[in-house]
Number of protein chains: 2
Amino acid sequence: VVGEFALLAAIRDRLDGDGPGLPLGVDDDAAVLDVPGRVVLAVDALVDDVHVDRSISSLADLGWKAIAVNVSDLAAVGALPLAALVTLLRPSWFDVDHARELYDGMREAAQRWDCRLVGGDTVSCPTLSVSIAVAGRLVDDAVVLRRDGARPGDLVAVVGDLGLAAAGLELHQGGHADLLSAHPELSAAHRRPVALVEAAEPLVASGVTACIDVSDGLGRDLGHVARASGVAVHLDAERLPIPPGVAAAAARLGRDPLELAVGGGDDYALAVTVPPDRLEDLAAALAAVGLSARVLGEVAPGTGVTVDGRDVATAGWEHH
Amino acid sequence: VVGEFALLAAIRDRLDGDGPGLPLGVDDDAAVLDVPGRVVLAVDALVDDVHVDRSISSLADLGWKAIAVNVSDLAAVGALPLAALVTLLRPSWFDVDHARELYDGMREAAQRWDCRLVGGDTVSCPTLSVSIAVAGRLVDDAVVLRRDGARPGDLVAVVGDLGLAAAGLELHQGGHADLLSAHPELSAAHRRPVALVEAAEPLVASGVTACIDVSDGLGRDLGHVARASGVAVHLDAERLPIPPGVAAAAARLGRDPLELAVGGGDDYALAVTVPPDRLEDLAAALAAVGLSARVLGEVAPGTGVTVDGRDVATAGWEHH
């Protein structure tokens, strides 16, 4: 019980306490938020040994990633983060030092994206897991980015890099330390993914018709958009960006770089569809926050997702 | 993968889809809520074999309880449920029939308390767990019930029964089927706890100074109130209600009935502090919704929680 008190105290030290717009949170049953408009909620969990291999990722990396994947879900619907509530599922070996490291990682990510880390719960569980609920606010209360708005004639574009995280994970698993040091962006993309929070406002402002964050892999995630919208998506292989690190990893691993970029997961890029006449606006709005969109293909009548005619809608990273 | 699609389809069938005030939820990355005022968030998780023994509770019971404990957290701060988002941590043995049963239980509880069951996530995990985030709205946007408002001179009262769930669990564990059939309320209290959602409005309207839901056991939970408020709580043993089933269980188990009522957990009663001059209002407001409060003792200067002078603040059910 002394251990439990110390652990809860370590967690409490790393949470944001009472403050404007957040009268409760740390030691009470619930958190109260003053949200100016509609509130957006998302939940996601990371499980030790399923989503994260602790011989590759530290507990701080796990904490960071748990926040990042949730904040990315908010960005995908056009929302900015306000607060995160954490449920820690904690095995008996998890002690106060583990708690400090895990919550330091969460705190670091939460601060990066202006998300308050508030109360939550810790429960005993044989498997370590971090389950997070995030609340956000819409950039524009009249605009929710959905998966079902893609229309034939729209262009398909992606904001952010593809394949880095999958390449990083596979290089770690294969013990290719030399390539990991030559391309530090690969390991970083796997361990500390960057949610594209800054993209939410430009995407909302420029009239994209559908949006999804790429977590299962570009092929599968565009498959969700195609299914929800009742359309087909056709991508051109030559337009798919292959970062140099992904090309190097693919060569070493004997893989097709496209497989990492289209079938790999955990990218947290944002894939969008946009009418051609809005593309210039989108590019300008993204450039204003230091981002860019790359056009990969187009939306057409039909079903499925293809790259140069080959189906990739089911080829994404199997979702755990 | 076919199994995964069938499982997700079974879950989707049991969720509330798009509707007024909830444009997203099931197949999108996030849910959007129109909340008239401030939004209240709570999270809690139930873990198989830690919180629930499936030789006692069905998966439907687990689902019900996961919703009940979260909705109870909302009631404790003076809020009513709006929507629940579920993260299912799912082992490989968990199949589509298990999903149907679990989500049927959640759906039943959610409907009982007017809570929409919206999207969420399923992730692979060796241990079965249901992690829930609930969003609610305050009964009165100007009133948040907290743990830190108890003042010397206030009375301590409880709404709801104490000890039933602990008695039910211990009778199940000891195999006392005869007593469980003679007192079906004991098993029901453990398997299908009833959150006192209807109490939120009366508690807010009648000026209670502090409130907590009794999950760890009355002693420990009033300990949280005493610590947060900087006061002592003194209870009288003779005023503690011992339901007949709890008395019968205690006799069979060779336990002090007070130990079950004060030290047992999982009651989801609401413990409150209230100025003496507001007690009549409180009783009337609760009576209007078919509930009542029983005065157990009073708040005094000092620290700790006692029953007839004996410390019980640390004697609650060890929180898992």
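No value in this document is a laboratory result; all are computed from the given coordinates. Only a predicted model underlies this, so the values are computations on that prediction, with no experimental measurement involved. Please note: Cβ atoms are built from the backbone with ideal geometry, for glycine as well, and neighbour counts cover all protein chains shown.
For the residues A:295, B:305, B:144, what sequence is obtained by ranking on other C-beta atoms within 10 Å, fewest first? All intermediate terms of the calculation are to be shown ahead of the outcome.
Numbers: A:295 17, B:305 29, B:144 21.
Sorted ascending by nearby Cβ count, the order is A:295, B:144, B:305.
Take the Cβ-Cβ distance between residue B:114 and residue A:112 as r, set R0 to 35 Å, and report the resulting FRET efficiency rounded to the nearest 0.05.
The formula returns an efficiency of 0.40 here.
Sorted from largest down, give the three principal axis spans of the alpha carbons of the protein assembly as shown, whole angstrom values.
Ordered largest first, the protein assembly as shown gives principal extents of 81, 44, 40 Å.
What three numbers, in Å, describe the spread of the alpha carbons of segment B:79-180 along their principal axes, ordered from the longest?
Cα extents, longest axis first: 55, 42, 25 Å.
Roughly how crowded by other chains is peptide B:115-126, in terms of the mean Cβ count from those chains within 10 Å of each of its Cβ atoms?
Per residue, the number of nearby Cβ atoms from other chains is 5 on average.
I need the inter-copy label distances for residue B:140: point set 7 Å along Cα to C-beta, values in nm with one decimal, smallest first.
Nearest to farthest, the other copies are at 4.0 nm.
May I ask what percent, to the nearest 5, of DSSP beta bridges between residues of segment B:165-320 are antiparallel?
75
Order these by the 10 Å Cβ neighbour count, fewest first: A:16, B:140.
B:140, A:16
When each copy gets a label point 7 Å from Cα toward the beta-carbon at residue A:236, what are the spacings between them in nm, shortest first?
8.6
Most fluctuating residue of A:308, A:221, A:213 in a GNM of chain A with Cα springs under 10 Å: which is it?
Of A:308, A:221, A:213, the most mobile in the Gaussian network model is A:308.
Any idea what the residue A:9 label distances to the other copies are, label 7 Å down the Cα→Cβ vector, nm, shortest first?
5.5
In whole Hz and in residue order, list the ³J(HN,Hα) couplings for segment B:195-204 that follow from phi through the Karplus curve 6.51 cos²θ - 1.76 cosθ + 1.60, θ = phi - 60°; x for Gly and Pro.
Karplus-based 3J(HN,Hα) across segment B:195-204 equals 6, 8, 4, 5, 7, 4, 5, x, 5, 5 Hz.
Give, in nm to one decimal, the length gained when the segment between residue B:289 and residue B:49 is fully stretched (0.36 nm per residue of separation minus the Cα-Cα distance). Numbers along the way, then the final one.
On the way: separation 240, 0.36 × 240 = 86.40 nm, distance 3.57 nm.
Full extension of this stretch gives 82.8 nm more.
Counting other beta carbons within 10 Å of each Cβ, put A:209, A:87 in order, fewest first.
Final ranking by Cβ density, sparse to dense: A:209, A:87.
I'd like the FRET efficiency for residue A:247 and residue A:278, computed as 1/(1 + (r/R0)^6) with the beta carbon distance as r and R0 of 35 Å, rounded to 0.05. Write out the running numbers ahead of the final one.
Numbers: r = 31 Å, r/R0 = 0.90.
Approximately 0.65, to the nearest 0.05.
Read phi for every residue in segment A:230-235 and hand back ³J(HN,Hα) as whole Hz from Karplus 6.51 cos²θ - 1.76 cosθ + 1.60, θ = phi - 60°, with x for Gly and Pro.
x, 9, 10, 10, 10, 10
Using θ = phi - 60° and the Karplus form 6.51 cos²θ - 1.76 cosθ + 1.60, what ³J(HN,Hα) does each residue of segment B:93-110 get, whole Hz, x for Gly and Pro?
Once θ is set to phi - 60°, the couplings for segment B:93-110 become 6, 6, 10, 5, 5, 4, 4, 4, 5, 4, 6, 4, x, 5, 5, 4, 5, 4 Hz.
Once you average over the residues of B:72-80, how many Cβ atoms of partner chains fall within 10 Å of each Cβ? Before the final figure, lay out the partial values.
Details: counts 1, 4, 2, 2, 3, 7, 2, 3, 0.
Mean inter-chain Cβ contacts per residue within 10 Å come to 3.
How shielded is A:129-138 by partner chains, expressed as the average number of their Cβ atoms within 10 Å of its Cβ atoms?
5
Which residue, A:288, A:199, A:210, has the most motion in a Gaussian network model of chain A that connects Cα atoms within less than 10 Å?
So, out of A:288, A:199, A:210, the one fluctuating most is A:288.
For residue A:304, what residues show an amide H to amide H distance below 5 Å, using hydrogens built from the backbone and excluding near sequence neighbours?
A:233
Which residue, A:42, A:167, A:76, tops the fluctuation ranking in a GNM of chain A built on C-alpha contacts under 10 Å?
A:42
Classify chain B as rounded, prolate or oblate from the Cα gyration tensor: take a ≥ b ≥ c as the square roots of its eigenvalues, call it rounded if a/c is under 1.5, otherwise prolate when a/b beats b/c and oblate if not.
oblate
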